[in-house]
Structure formats: structure tokens, C-alpha cells
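Below: one structure, written as C-alpha cells.
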Amino acid sequence: MGVVFSRPRTGRFWRFVPVLLGGFIAVFPFLPFVNDYWVDVGFFVGLYGLLGLSLNVVLGEVGLFDLGHAAFYAIGAYTTAILNTTLNIPVLLLLPVSALVASGFAYLVMSPVIHLRGDYLCIVTIGIGEIVRIIIVNNPWGITNGPNGITGVGFPTLGPFVIQTPMQFYYFVWVVVAFVAFMLLRLQKSRIGRAWNAIREDEIAAEAMGIDVRAYKLLAFTLGAALAGLAGNIYAAKMAVVSPQSFLFMESALLFCIVLLGGLGSLPGVLLGAALVVIFPEVFRRFASFRLLFFGLALMVAMIFRPGGLLPRRREILELDGLDVQGFSAEKVSPVRIGQVSLKEHSPVQVPCELDPCPLLEVQGVTLRFGGLVAVNRYNLAVYPGRVTSLIGPNGAGKTTLFNIITGIYRPDEGRVLFKGEDITGLKPHLVVARGIARTFQNIRLFPSLTCLENVLTGLHCRGSSGFVSTVLRMPFQVQEEREFVETAAYWLYRVGLWEYRNELARNLPYGKQKYLEIARALTTGPELLVLDEPSSGLNERETEELMEFLQRLLQEGITILLIEHDMNVVMGISDWVSVMDMGSKIAEGSPWEVYNHPRVIEAYLGKEEEWVGSTS
Amino acid sequence: MRVFFEQLVNGVTVGSFYALVALGYSMVYGVMKLINFAHGDLFTLGSYLGYTFLVWGAAWITERAGLWWGVLGAILFAFLANAGAGILVERVAYRPVYRAGRLPLVVSALGMSIFLQNAIMAVWGPRFQVYPSDLVPVASLRFLGLSLPLLKVVILFLSLGVMFVMYWIVEKTEFGAAVRATALDREMATLLGIDVQRVILFVFTLGPALGGMAGVMNGMYYRSIQFSMGWNYGLKAFTATILGGIGNIPGAMVGGVLLGVIETLLAGYIPGGGAWKDGFTFLILILVLIFRPTGILGEKVAEKV
């Protein structure tokens, strides 16, 4: 199959920009006007570029406010300085060691706080940055030498070759930047990069699509810290001195500005941001003490006129013209096929069912209280394979809460949820979806600034296994997996009629199409049970009918459906079984017609007969 | 025991500066969801404005109106001038960026902070400035065996009084209800006919004004001020805000006072604690957040799924 990968639609010119830029960086020290001073400036552009790239992993890709990034940089620098001056370990050998120590530190300190949201995480990172600096200043066990810092760090040596002149350092840092940028580019276009971006866009939806949000956030922090550790090593080697003065809060704030000046998540943007932040004060050097004044002004002006950064990230555009989507068949790229492969890995024990036919999903006596309010009260529900089960009830009855319990967003106070006979109560959402339950949300939760194709690809996250190493090395199985992902995603996009919108950002789609995109995203996870929360809300009559037809086709293909629905035409039209909820409890269940005429159901929707009499008299 | 109580009074006094600065942080955060990094530097600005007022004009006022009036004049001057500065900052640095979302706003705030700090340095110079000390009587108040300098007591009661007024405005008046409603749900507040622009103006005027006031009191308490001290105060105030529960105005006051007390006691009782106190402060903050992710008085906000 001739799939064309990653061919940006932008013109030929843009493809040469990285080459030209790389060429410029390579010959820069040999340009006629460049003296050692400007080579050093070039070195610092590279160093801050590296730091910017490291923060960009956390801030740009995952959207975590990290205003204490200098802590990881400091730890890298001090690891190198301490081990080199006391144990005489060669500086170059300490490059990976510094990265490892910094990332290990990040893992340890971020693990307990990684669940904090937005600004709370921000203040914690500021706190960590300050704590690290204060520890360094206070010279514990005499290892950091307090405010004076450590002097006499050696030069990096590789056999007889020593890195010591400005030009050698210049090339050293830029080679490291090139390696790191290459690695990050590969990560950006992979399962990992998509997972990071999905978390940034909508954490809950990301979790519901099978992304282990906690693990991926920690991965971002450890990787970011490792890269900052590299920068710390290079800094220590270049300056031969490290002191706490270099790792103030201002340093973290500066890195933050580099990432935003360039453009969140944009690698060339971050390098440009670093160049501006380093070169700007140099150009204004003759204004001496006013240069920071101008820098502050420049930051404001930049944000007023280019709030998205100077070189904002462009979403990857895949042309995929060689992909014969019409030729695909359900068997070929069926989600169920992928699902079954993975299910074997996820659930080795099959508990035999005593009931016949055995329910696919069983909710047994589930109760959930919010404070004094009993949102769901000892609810029982059985969903049989190959059927449509509807959950109906007045607004506020607790239907969505029950869905959230089934899909793992809430943990019930009492009761169990069984899926294919296995207890899945309290499993986190990303594990539930991996077992084969996919969902949509009442208020559409797409990843607004990812393309439609990327949205759908995210659904495949839980079916993949490529990790950090295989992505960076682009191992054959990772390439194969990515190819299969794109085919499956393309198939489902085509099925819901959004193939032509594949490169459009999700937020630009009209409402009805967004609904289909969300369903397609759920379907690519390869579910056996599809849980839809009010799929027809906001759709007009014709669209609703199309949706019903689509759902019925899914049913024929072996996907069981559980839905919350208010539109009685939909409920009556496609349901095999209806369960009615009011005030958290089940008040009736049965076939659609039984329920439709059930006195308690009528009462729940319309009120009691006596009340009507009472209110009129 | 006497030492402990004296330390406690010191802690509450320092804490009340933090609380006044934190109030501005918290109100702006509540309404704008913006971490106003320039707030700490507005505090410094207030401190310098008060300094200039005291050096140039306070003696004149004190001669004619009696002791204390010069100091009160300086506080009032810094309060009013900072209110104007707050409006200006909002116009120049924030209003043009509102639509762009939160992150550009943070960068703009950082830019404003760097700008203000360096502008203050350009005007008043990079060296420490020392507040004049001959404006208030050097006397001590004896109370239950404690000896408390009069200046400290006045500062303490002044800031507690201001906090009480703030609490009353925000919790008991109709306009306060509008501010709280805007903080909870800006769109809904607009729909209910609340003039959100007025609320924004209010927080950007009153916040820096309170900060300026705290700046003057801080100057009289510690005597020496420097152009770069705002960073640290801003950070402390932000910490206090989060400690109390972000966007929660009584929380900011509680957080500020608590922070001051913790710091002072740590510095006073742990040998060598002075050098470590900021580290401990952040450690306590992190521990509080691990066990109460929304601060001490912050309410748990469940995200609607």
C-alpha cells in the first residue's frame, strides 16, 4: 500500500529553511566579522536553545507550567562540577551521568505532585526550583561550597582531543542540540508525541482514549530534566565555575519566555526564541543598565503582536493520497481485530460465565455519593452483546455519573462493574478503554488544536506498544505500527464521512461533524462496547436518522452499544433494552414499549398525578 | 515563653504584609486567572513612592499636623499612586493580550515585571535606600509582660484593619458578591448583568494599591529597601495565595499570616534556620498541596465530565 508519510503541503522553500539554518550555524564561526566574542554568543544561543528544547517538552508538548526548570539545569551542572573536582571523573563521561541524575531527581520529586493541576503545579515547580537553590547555597556536608560555588571544572576531553576554545565549545553544544532536536522531532510525530499533545488539549479525554496521563506527564518531566542536565554539564565545562547565582528564579522565567516567544511545541521556534533572548541583551549592551528594561518591553510587545509565538508549530499534514480508503474493508482494518490482539495480552484469565447468554457488561449494586447526595444508588444494569441498551431518565438523574463509573473516571463507593465477567471496578480510564470499552462525552471533548486525523490516531494509543527507544531509533516494528495506525484511523475517518477533513483542525469542524469525529475516535480504540453519552443532542432530525443508521451498522459489525439518550425517537427506534434512572435509582427497565408505558416512568418525567390535581385545585 | 510570643507577633506582622500583597494576587487571579508576576514589583514601586514621600514631604506634614500624619500620608500616597499604576499596567500589558489565552498573558506579566524592576532601578538607583527613622516616636508598648515597639503595633493593627475592610467588602457587599461571581464563572456573571469590566478595573486598582501600602509598611518595618525585592515578595504572596486556596480572598489572608508566622518561628527556633526558612516555606507548601490539592480554605472543584 503506497502510503505517503509526512509530506508537508508547504512549498519547496520551507523545506530548505532547516538546511539553510543548519548551514549557517555550521559556518558561523568562519564568517569574516565573527570574533571569539560572537562565537561565545553563538555558544550561549545553543546552550539556551538546548534548555528551551528541554523545557518545551514539558511546557510546549504537555502544557505543564514549569517555572522551576533551572533546578534540573542546576543539578546537571553541580553533578558535573562535584564529580569532576572531587573524583576526577572526565567531564565528557559526566554528560550522560548529569542527565541521568537530573532526570532521576525529577522523577522522585515530581511523582508525588504530578497530579496537581495548572497553577498549583506551577507553584510547586517554583518551590522545587527555590528549594534546590537554597540547598546549594547552604552547602550541605560541604559538597556545594555554598554561595561561592565550585571552581576548577575541567575541559571535556576525548582521548587526546580537548574541547577548550570558544569555537570547539560552539560546535560541541550545537552537535548536542542537533542530536536532541532530531530525537524530539521523531518523538513529536509518534504515539508518544500525540499522547503528550492530547494531554495538553484535554486531560480527561486523553485518559479516556487510553493514555496513562500520569505516566506520560512523568515521562515528559524526566526527559525534560535529562536534557536540562545535559545543558548543565556543558555549562559547567564551559564556565569552569558553577555557583548558585546562575540558577535563580529569573533563569527559569527566562526559559519560559524562550519557549513562548518561539511558539509552544515548535522546535525551530524555540531555537529562535533562544537566539532572541541571548542576542537581544548583547545588542543593547551599550545601554548598560537599560537593556533589561528594553527586554521587558520587548516581551510585552511580542506577546501583544505575536501571542502564539514567532514561529508557531504547524500541525503535521499528511496527504495520504496514495491511501485507497474506499478499498478498505471492515475485516482488513477492523478495530475488533486489533482489539482482540491486545485483549489477549490484557486479560489472560477468562472467567466462564454462568448466565447464558452472558452479559458483556454488568453493573452490580453500584452506589456513589457526593457528600450527602446519593448520585447513584445501588444500580444494577446488564448489557448484552450485540444489542443496544439505553439509559434514560430526567436531567440530573445520575446517568452520566453511572457512565463515569463504568469508564473508570469515578470509583464507586459500593458495588462492582464486570466486563466480560471480569471485575473492572475502579480501574483507571486508560485501562478500561484498553479492555474494550470506549466512550464519547456529553459535551464533546475533542483535542481542538490537533487535526482530525491526529484526533482519531490518539484513539489507537492503547493498541500500540512503541515506546521511547523504539520511536527515537525508528525501529521497524514502530514504523509498521505507525503505518497500521494511520490505516485504521483513515478507515474510521472515512466511515464517518470525515476523510476529506483529515488535515483540518478539530476545532474548525461544525458541531455535527465534531460529534462524528468523537465517535470515530472512540471506534479506533477497537471497542467491544461503545458507550455514547447523548449522541443525538444538537443534531437535527435528518442527522439523527443518519446517526441511527450508522449505529445500527456498527451493531451488525459486532459492536455492542450502551447509550444515554433523551430523544425518544432514538430510544424507541434502536434500543433493545431500556433502563430508566431517576434520582440515582432504577425505577424501571424492559423493552422500549414496556418502559414507555410504565407508570413510574411517566411519573418521573411528568410528575405525579395527585400533584397535578393538587396544584390545580 | 515571652520570646515565643514576641516571635509570634513578629510573624503575624510580617505575615500581614504578605497577606496584603497576597490579596492583590488572589483577586487578580480569581477574576483573570492570571498569575500577575508584576504584582511584586508594584509592591516595590509603592515602597519607593512612600520612601520619596517621606524624604521630601513627610517632615513638612509632621511639623504642622503632628507625629504619625507624615507616615499615614506616605501610606495613603503610595496607595493612591499604586492604584493608578495598577490601571496603567492592566491597560498596557494585559488588556491587549487577554484574547490570546493564558500563557501569553504570563509572559507579558513577566515582561512587565522585568520592565518595572529595571525602571525602578533606573529612577532610584541600584543601591539600598533607607527609610527615615525620625518620623515616629521610638517607644515600646508593655503588654502582658511583652515589650512591643509602638511602630510594630501600629503597622500590625493598620494592616489587620485593612484586611478586615477587604473581607467586609468582598464577603458582605453587593459589589463583593459581583467580584466573587465573576471569579467563579465570568461568562455567567456577564449574562447576569454584572459589569465585568468594572470588576476587572476594581481588582487591578485595589490589588496594587494594597500592595503599595504593604510596601510602605514593609519599608518602615525593615528600614532598607531595594529595587529587586519585589521578586521575593511576589513569590511569597503567590505562595500565600495558593496555601490559602487560590482565588479565595479570606484564604489569601489566612495563607499570608500563616506564612509569616511559619517563617518567623522557623528562623527563630531552628539553629541556622534563617538561611533555610524559604526552603522550609516551600516544603510546607508542597506538603499542604499533596494532602489538600486546593489549599487550606480552597473548595474542591469537581470538573464536570
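What follows draws every value from the coordinates through simple rules; no lab data is involved. Model, not experiment: these values are computed from the prediction. Positions of Cβ are generated from backbone atoms using ideal geometry, with glycine treated the same way; all protein chains shown enter the neighbour counts.
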Extend 7 Å from the Cα of residue B:130 along its Cα-to-C-beta direction; within segment B:184-214, residues with backbone N under 11 Å of that point are none
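Could you give the length gained by full extension between residue A:141 and residue A:93, i.e. 0.36 nm per residue of separation minus their alpha carbon distance, to one decimal place? All intermediate terms of the calculation are to be shown ahead of the outcome.
Numbers: separation 48, 0.36 × 48 = 17.28 nm, distance 2.47 nm.
Here the answer is 14.8 nm.
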Taking alpha-carbon centroids only, segment B:1-79 lies from segment A:508-585 a number of Å equal to 60
Counted neighbours (other Cβ, 10 Å), sorted fewest up, put A:167, A:300, B:27 in the order A:167, A:300, B:27
Here the FRET efficiency for residue A:474 versus residue A:19, based on Cβ atoms and R0 = 25 Å and rounded to 0.05, is 0.75
In chain A the DSSP beta bridges are antiparallel at a rate, in percent to nearest 5, of 60
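Set the Förster distance to 35 Å, then compute FRET efficiency between residue B:80 and residue B:269 from the Cβ-Cβ distance, nearest 0.05.
Details: r = 40 Å, r/R0 = 1.14.
So, using R0 = 35 Å, E works out to roughly 0.30.
What ranking, highest mean first, results for peptides B:213-222, A:214-223, B:52-61 when packing means the other Cβ atoms within 10 Å averaged over each residue?
Details: B:213-222: 26.1, A:214-223: 20.8, B:52-61: 16.7.
The packing order, highest mean first, is B:213-222, A:214-223, B:52-61.
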Most packed first (mean Cβ within 10 Å per residue), the peptides A:516-527, B:95-106 order as A:516-527, B:95-106
For residue A:582, the residues 5 or more places away or on another chain with a placed amide H closer than 5 Å to its own amide H are A:587
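Starting from the Cα-Cα distance between residue B:177 and residue B:198, subtract it from 0.36 nm times their residue separation and give me the gain in nm to one decimal. Display every interim value, and only then the final one.
Details: separation 21, 0.36 × 21 = 7.56 nm, distance 1.31 nm.
Taking 0.36 nm per residue and subtracting the Cα distance, the gain is 6.3 nm.
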For segment B:16-231, averaging the sequence separation of alpha carbon pairs under 8 Å that lie six or more residues apart and dividing by its residue count, the contact order in percent is 45
Expected integer from the mean partner chain Cβ neighbour count at 10 Å over A:303-314 is 4
Of the listed pairs A:189/A:238; A:428/B:277; A:399/A:420; B:33/B:236, those with alpha carbons more than 28 Å apart are A:189/A:238; A:428/B:277
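Would you work out if the protein assembly as shown is rounded, prolate or oblate? Take a ≥ b ≥ c from the square roots of the eigenvalues of the alpha-carbon gyration tensor; rounded if a/c is under 1.5, else prolate when a/b is larger than b/c, oblate otherwise. Mind showing how you got there, number by number?
Numbers: a/c = 2.14, a/b = 1.34, b/c = 1.59.
In terms of gyration-tensor shape, oblate.
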Segment B:216-240 and segment A:423-499 have their Cα centres apart by a whole-number Å value of 50
The relative contact order of chain A, taking Cα pairs under 8 Å that sit 6 or more residues apart, comes to a percentage of 17
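Sort A:270, A:101, B:3 by Cβ crowding within 10 Å, fewest neighbours at the top.
B:3, A:101, A:270
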Counting other chain Cβ atoms within 10 Å of each Cβ in A:399-410 and taking the mean gives 1
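Just want to confirm a number: the relative contact order over segment B:166-290, from Cα pairs under 8 angstrom separated by 6+ residues, in percent. All intermediate terms of the calculation are to be shown ahead of the outcome.
Numbers: 76 pairs, mean separation 16.6, N = 125.
RCO, segment B:166-290: 13 percent.
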Long-range amide H partners of residue B:140, meaning residues 5 or more apart or on another chain whose placed amide H is closer than 5 Å, are B:150
For residue B:33, placing the label point 7 angstrom along Cα-to-beta-carbon and taking segment B:157-183, residues whose amide nitrogen sits under 17 Å are B:180-183
Under a Gaussian network model of chain B whose springs join Cα atoms within less than 10 Å, the largest fluctuation of B:186, B:91, B:142 belongs to B:142
Here, residue A:287 and residue B:95, labelled 7 Å along Cα→Cβ, have an inter-label distance in nm of 2.5
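Rounded to the nearest 0.05, what FRET efficiency is calculated for residue A:27 and residue A:186 with R0 set to 22 Å and r the Cβ-Cβ distance?
Computed FRET efficiency for residue A:27 and residue A:186 comes out at 0.25.
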Under 5 Å from the placed amide H of residue A:382, counting only residues 5+ away or on other chains, we find A:363
Chain B, Gaussian network, Cα under 10 Å: of B:159, B:16, B:140, the residue fluctuating most is B:140
Rounded to the nearest 10, the angle in degrees between the Cα long axis of helix A:118-137 and the longest principal axis of the Cα atoms of chain A comes to 30
Site residue A:107, offset 7 angstrom along Cα→Cβ, radius 11 Å on amide nitrogen, limited to segment A:180-224, gives A:219, A:222-223
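Among DSSP beta bridges whose residues both lie in segment A:518-606, state the antiparallel percentage, nearest 5. Let's see the in-between values first.
Working: 5 of 10 bridges.
Antiparallel bridges make up about 50 percent of those DSSP assigns within segment A:518-606.
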Cβ density ranking, 10 Å radius, fewest first, applied to B:205, A:79 yields B:205, A:79
In whole Hz, the Karplus estimates of ³J(HN,Hα) for segment A:425-439 (6.51, -1.76, 1.60; θ = phi - 60°; x where Gly or Pro) are 4, x, 5, 5, x, 5, 7, 4, 5, 5, 6, x, 10, 10, 9
